[in-house]
Amino acid sequence: MHQDVTTPLVSMNILYNVGSRDEDPEKTGFAHLFEHLMFGGSVNIKKYDEPLERVGGENNAFTNSDVTDFYLTVPKQNLETAFWLESDRMLNLAFSKKSLEVQRNVVIEEFKQNYLNKPYGDTWLLLRPLAYTTHPYQWSTIGKSIEPIQNATMDDVTDFYKRFYNPNNAIMVLAGNTTVEEVKELAMKWFGPIPAGEEVLRNLPKEPVQTEPRMLKVERDVPLDCIYMAYHMCGKMDDEYPVTDLMSDLLSNGNSSRLYQSLIKEQQLFSDINAFLTGDEDGGLFVISGKLIQGVTMEKAEAAIIEELNRLKSNLVNGDELQKVKNKVESLIAFTEMRIQERALNLAYAEHLGDINLVNNDINRYRAVTPEQICTLANKILRPENCSTLYYLAKK
């Protein structure tokens with residue numbers, strides 16, 4: 001719990017320790033489907049949104065590879081409504097054929113709209129199975145394809161719910177204008193009677209070290225050629241994570257970054273280029289993606305990216321350049337703390353990662369990064385044999 005008496009609101013965040021990595025390889029997309037099903041009504045509350053809107057509240061949710069998160073914000077005098085709503089759908093979600101059909105169709109439409117009919121939409125459906133051969137990160141949160149969601153049965157969704165949507169697999173955070181006493185009282189009243197559920201034992205297959213480059217070429221009806229280069233990197237809680245994060249910022253955070261200055265402004269090879277991390281817990285990807293200027297070959301574009309990466313590997317980054325990206329990280333962290341909803345999420349995720357003090361100390365991990373660490377890690381990660389490359393070609 002985090003108290004802030006300067007706001008008239010309270011934000012509740014419930015983070016369930018379940019993501020797409022927990023799915024059966026033959027039944028992918030279930031974690032995301034469940035994010036939708038949780039809004040379909042519970043036994044005592046036919047429509048989740050109506051009572052919340054009536055008391056001036058708002059809500060949303062998201063799913064990724066590692067977690068599923070639900071959050072809402074209400075005026076402080078209506079806090080008990082939040083406990084009532086969330087406890088009822090944790091205790092007994094209203095499974096019905098109608099609810100399943102409605103949410104199934106919503107997810108299928110989302111799959112078609114965002115992944116099949118949108119330019120570059122299927123990128124991650126191609127890139128993840130190229131980069132991962134063993135770990136469940138090899139499929140996207142939406143799933144491998146539409147079929148598992150189309151074929152999902154009532155037994156399938158009931159089993160998934162009973163396994164993961166329990167108090168012992170969830171973290172609840174309250175942030176805003178309330179007290180520890182009030183939160184304890186409401187938590188015991190509304191969540192105390194709910195059975196804990198069985199312990200979730202996670203034994204996921206470890207992704208083997210990539211020992212040779214991988215390549216995939218596809219042609220799609222898109223306006224420009226695009227290149228994606230994905231390098232395996234550490235997990236979210238590893239000591240190397242802040243170093244890798246700053247490395248991506250040096251390459252592409254803003255118009256003064258290296259890739260922008262060299263490949264867009266000077267050489268005019270790309271119309272857009274980015275370096276970013278997937279941020280997965282069990283070992284993520286360091287990704288470089290760029291849209292090529294018409295007439296530039298993939299080979300020339302890729303060689304230019306590699307040249308910039310080699311500069312990072314060969315020369316120590318200037319202290320001022322490194323400090324600039326550290327300052328950007330610090331300002332970003334400060335901005336995320338401005339809203340109680342973000343504070344609640346940050347607390348929940350830090351607790352999920354196993355260190356609640358990350359909410360206060362994470363910035364110190366970034367401040368401590370040195371130019372030498374950047375250079376060492378660049379040489380460790382940005383190797384050809386650690387790279388999976390996708391040539392996403394526009395149909396001629």
### Query
Given Ser65, Ser99, which one is hydroxyl-bearing (Ser, Thr, Tyr), in the same structural domain as Glu35 (by TED's automatic domain parsing) and touching an Asp or Glu at 6+ places or on another chain (Cβ under 7 Å)?
Ser65
### Task
Would you please name the residue that is farthest from the chain's Cα centre (by Cα), looking only at residues in the stretch 287-313 that are more than 14 Å from Ser262 (Cα to Cα) and loosely packed, with under 15 Cβ neighbours inside 10 Å?
Gly295
### Message
Can you list residue pairs whose Cβ atoms sit under 9 Å apart, with the first residue in the stretch 284-303 being more than 16 Å from Gln268 (Cβ to Cβ) and assigned by TED's automatic domain parsing to the domain that holds Ala131 and the second being at pLDDT below 95 and surrounded by fewer than 20 Cβ atoms within 10 Å (Cβ to Cβ)? Count only pairs 6 or more apart in sequence or on different chains.
### Response
none
### Query
What is the number of the single condition among (1) assigned to a loop (DSSP other than H, G, I, E, B); (2) touching a Gly at 6+ places or on another chain (Cβ under 8 Å); (3) surrounded by 15 or more Cβ atoms within 10 Å (Cβ to Cβ) that Phe95 does not meet?
(2)
### Query
Is the stretch 348-356 home to any residue that is closer than 30 Å to Phe62 by Cα, in contact (Cβ under 8 Å) with a residue 12 or more places away in the chain and not in a helix (DSSP H, G or I)?
yes
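Can you tell me which of Leu100, Leu79 is modelled with pLDDT of 95 or more and either part of a helix (DSSP H, G or I) or in contact with a Phe, Trp or Tyr (Cβ under 6 Å, 6 or more places away or on another chain) (or both)?
Result of the check over Leu100, Leu79: Leu79.
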### Query
Would you pick out the residues in the stretch 364-396 that are in a helix (DSSP H, G or I) and surrounded by 17 or more Cβ atoms within 10 Å (Cβ to Cβ)?
Tyr366, Gln373, Ile374, Cys375, Leu377, Ala378, Ile381, Asn386
### Task
State the number of residues belonging to the stretch 113-140 that are surrounded by 20 or more Cβ atoms within 10 Å (Cβ to Cβ) and more than 20 Å from Ser289 (Cα to Cα).
1
### Query
So which helices (runs of 4 or more DSSP H) are wholly in the stretch 105-221 and hold at least 1 residues that are acidic (Asp, Glu)?
147-150, 154-164, 180-190
### Summary
How many residues of the stretch 314-331 are within 28 Å of the chain's Cα centre (by Cα) and touching a residue at least 60 places away in the same chain (Cβ under 8 Å)? The answer is 7
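The values are calculated or read from the model by the stated rules, or taken from the named source; none is laboratory data. Owing to the predicted nature of the structure, the values given are computational and were not obtained by experimental measurement. When we count neighbours, we look across all protein chains shown, and the Cβ atoms used for this are built from the backbone with ideal geometry, even at glycine.
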